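Trainee: Here's a structure for you.
The values are calculated or read from the model by the stated rules, or taken from the named source; none is laboratory data. Please read all numbers here as calculations on a predicted model, not as lab measurements. Glycine gets a Cβ as well: all are built from the backbone with ideal geometry, and neighbour counts include every protein chain shown. Ligands, DNA and RNA are excluded from the accessible area calculation, which covers all protein heavy atoms including side chains. Shrake-Rupley method; radii C 1.70, N 1.55, O 1.52, S 1.80 Å.
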Amino acid sequence: MDNIFQLPNQLNDQEIFETILNSKNVKIERIISTGQTTPEGTWYDQDQDEWVILLQGEATLLYSDNSSISLTTGDYLLIKAHEKHRVTFTSSDPPCIWLAIHGNLVNN
């Protein structure tokens, strides 16, 4: 059995993306962030919806309309397909542990 909170012995400068489940309709992944952000001028513009919960740490997301949301442990949100966003802050102590579910989650 694996544990969602188990961290690698050594965290490096790269975000870690671990696929937990991947099927035709849904992808579930764990993401570990240690201070990484989306490069300036870059926006995520995903073809599918993403439901994400921050299991540990703190983070801030910025949307293309210039609104932002700060997340702390236990906060979750739904990012609809093609809702442009970027990550502007992730904590490194403690590291952020995210659980993300990607798929066609909302009837648009």
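Trainee: How much FRET efficiency would the formula 1/(1 + (r/R0)^6) give for Lys24 and Lys84, where r is the Cβ-Cβ distance and R0 is 30 Å, rounded to 0.05?
Mentor: 0.70
Trainee: Measuring with a 1.4 Å probe in the full set of protein chains, what accessible area per residue, in whole Å², belongs to the chain?
Mentor: I get 64 Å² per residue for the chain.
Trainee: Let me ask you something else. Considering the values (i) 94; (ii) 220; (iii) 109, which represents volume of the Cα convex hull per residue in Å³ as calculated for the structure under consideration?
Mentor: (iii)
Trainee: Another one. Enumerate the aspartates and glutamates that Lys80 could reach by cross-link, defined here as Cα to Cα under 20 Å, with residues fewer than 8 away along the same chain left out.
Mentor: Within the straight-line cut-off, Lys80 pairs with Glu29, Asp45, Asp47, Asp49, Glu50, Asp65.
Trainee: Heavy atoms only, probe 1.4 Å: what % of the accessible area of the stretch 1-87 goes to carbon and sulfur, would you let me know?
Mentor: Looking at the stretch 1-87 in its full context, I get 46 percent from C and S.
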